Structure formats: C-alpha cells, structure tokens
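Asks: Quick one: this structure, given as structure tokens, is what I'll be asking you about.
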Amino acid sequence: MQFLSQLPERRGAWALLFASAVGLVLAALYMQYQMGLDPCVKCIYQRVAVMGIAAAALPALLAPRLLITRILSYAAWLTAAIWGLRIAHDHVVTQQSANAYFAVCDAFPVFPDWLPLLDWFPSLFEAPGLCGDISWVFLDMSMPEWMRIIFAFYTGLALVVIAVRLLGARKL
C-alpha cells in the first residue's frame with residue numbers, strides 16, 4: 001500500500017499516463033489518415049478529452065514532488081476523463097438509437113473563443129464523419145464503446161490513485 005501511495009511522487013507514473021494518452025491520440029490519427037475513418041464531432045471531443053488527460057499529466061511529470069502540481073494534475077485528469085466518458089457514452093447512445101433523428105450531431109466542433117482549435121489545427125480537429133455511422137468494429141464493439149471503456153478506466157484509475165494517496169497520507 002505504501003508503494004501505491006508514493007507512486008504519484010514518481011515521474012514514471014505520470015510519464016506512463018502521458019504516454020498512454022499520446023498513444024491513443026496517435027492511434028486516432030492513424031485510423032483517420034491511414035485507415036480512412038472520418039471522425040465525427042463527438043469523436044473530436046473525445047480526442048480533445050484524451051489530449052486533456054495527456055496535458056493533465058504534464059505538471060506532475062515536471063515536478064512530481066510538489067503538492068500543487070499533483071493536485072492540478074489530479075483535477076485535470078479526473079475532469080478530462082469524466083468529460084470523455086460522458087461524451088463517449090452519449091456517442092454510444094447516438095449510435096444505438098433506433099430513431100435516425102437522434103443519430104445526428106453538429107456539423108462542426110464548437111470550441112471556446114479563447115481556444116479555437118479548429119481554426120488553429122483544422123487537420124486535427126475537423127469532423128467530416130457522421131455520429132451515427134459505425135465504420136470500425138473490434139470484438140463486436142464500435143470505437144465509442146471502446147472509448148467508453150477506456151475513459152471509465154482512466155476515471156477509475158484517477159479515483160483509486162487519489163484515494164490511495166489520501167489514505168497513505170492519513171497514515172503518515
């Protein structure tokens with residue numbers, strides 16, 4: 001238990017979180033540009049959530065022993081993971097909807113004015129696909145179903161890491 005509670009103070013744990021999220025973004029780009037799978041708006045929002053998890057790891061990766069950087073990383077990690085889980089779940093519901101009117105999403109991703117990602121990096125954030133289309137299946141699950149599992153894992157892992165850290169700190 002002591003090893004687990006001290007893990008957030010080590011760069012390797014945060015590097016693993018960062019690398020896993022970057023790996024998922026690279027997989028998404030491979031699927032988009034090499035496999036020809038066009039992402040929809042909800043796919044792009046999930047991509048941003050994964051990028052958020054990668055960005056969340058950076059403060060603690062740079063200074064893992066500082067409490068403030070770990071708290072910032074925990075908060076951003078949990079926020080991005082829960083947001084991604086919610087969007088992935090909505091995407092699954094959209095894809096499994098029997099009514100075609102619910103299988104429609106926005107034509108363009110909407111980002112805040114202070115962060116116009118679509119304007120800055122259109123090749124990364126444009127969404128020519130349709131939310132209701134299922135163009136990729138692995139083990140009888142679509143990509144949003146897999147992303148729901150991945151985001152649930154990231155969320156659960158964040159909660160376990162925070163809980164173990166708090167319990168470990170309480171015993172000191």
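The values are calculated or read from the model by the stated rules, or taken from the named source; none is laboratory data. Here the structure is a predicted model, which is why all the values come from computation and not from measurement. Every residue, glycine as well, gets a Cβ built from its backbone with ideal geometry; the counts of neighbours run over all protein chains shown. These area figures cover heavy atoms from the full protein model, side chains too; ligands, DNA and RNA do not enter into them. Shrake-Rupley method; radii C 1.70, N 1.55, O 1.52, S 1.80 Å.
Asks: Could you list all residues from the range 121-138 that are farther than 21 Å from Ala107 by Cβ and at pLDDT 80 or above?
Replies: Kept after step one, since they are farther than 21 Å from Ala107 by Cβ, are these residues of the range 121-138: 136-138.
Within the range 121-138, Phe138 is the sole residue that qualifies.
Asks: Oh, and also: If only one of Phe125, Phe108, Phe138, Phe151 is under 15 Å from Ala28 (Cα atoms) and open to solvent by 40 Å² or more (accessible area, probe 1.4 Å), which one is it? Give the derivation first.
Replies: Values: Phe125 fails: open to solvent by 40 Å² or more (accessible area, probe 1.4 Å); Phe108 fails: under 15 Å from Ala28 (Cα atoms); Phe151 fails: open to solvent by 40 Å² or more (accessible area, probe 1.4 Å).
From the options Phe125, Phe108, Phe138, Phe151, the qualifying one is Phe138.
Asks: Continuing with this model, one more query. With the requirement that a residue be at pLDDT below 85 and within 17 Å of Gln95 (Cβ to Cβ), what does the range 139-172 give you?
Replies: Met141
Asks: Among the numbered criteria (1) touching a Pro at 6+ places or on another chain (Cβ under 7 Å); (2) farther than 17 Å from Val161 by Cα, which one does Leu72 miss?
Replies: Here Leu72 meets the rest and fails (2).
Asks: Follow-up. Of the residues Leu62, Leu117, which is under 20 Å from the mean Cα position of the chain (by Cα) and surrounded by fewer than 19 Cβ atoms within 10 Å (Cβ to Cβ)? Steps first, please.
Replies: Details: Leu62 fails: under 20 Å from the mean Cα position of the chain (by Cα).
Sole residue among the options that is under 20 Å from the mean Cα position of the chain (by Cα) and surrounded by fewer than 19 Cβ atoms within 10 Å (Cβ to Cβ): Leu117.
Asks: Continuing with this model, one more query. Against the conditions (1) under 15 Å from Leu24 (Cβ atoms); (2) outside any helix (DSSP H, G or I), where does Pro64 fall short? Just the number, please.
Replies: With (1) under 15 Å from Leu24 (Cβ atoms); (2) outside any helix (DSSP H, G or I) applied to Pro64, the lone miss is (1).
Asks: What are the pairs, 6+ residues apart or on separate chains, where a residue within the range 8-21 that is free of Cβ contacts under 8 Å to residues at least 12 places away in the same chain has its Cβ under 6 Å from a residue that is open to solvent by 70 Å² or more (accessible area, probe 1.4 Å) and not hydrophobic (A, V, I, L, M, F, W, C)?
Replies: none
Asks: Within the range 68-81, can one find any residue that is in contact with an Asp or Glu (Cβ under 9 Å, 6 or more places away or on another chain), open to solvent by less than 20 Å² (accessible area, probe 1.4 Å) and not in a helix (DSSP H, G or I)? Write out each step before concluding.
Replies: The initial filter retains those residues of the range 68-81 that are in contact with an Asp or Glu (Cβ under 9 Å, 6 or more places away or on another chain), namely 70.
Filter once more, so that each one left must be open to solvent by less than 20 Å² (accessible area, probe 1.4 Å): 70.
Of the ones still in play, those that are also not in a helix (DSSP H, G or I) are none.
No; the residues of the range 68-81 include none that is in contact with an Asp or Glu (Cβ under 9 Å, 6 or more places away or on another chain), open to solvent by less than 20 Å² (accessible area, probe 1.4 Å) and not in a helix (DSSP H, G or I).
Asks: Still on this model: Could you grab me the full set of residues in the range 114-172 that are of a type outside the set (A, V, I, L, M, F, W, C), without any contact (Cβ under 8 Å) to a residue 24 or more places away in the chain and under 15 Å from Gly84 (Cβ atoms)?
Replies: Hit for the range 114-172 is Gly156, nothing else.
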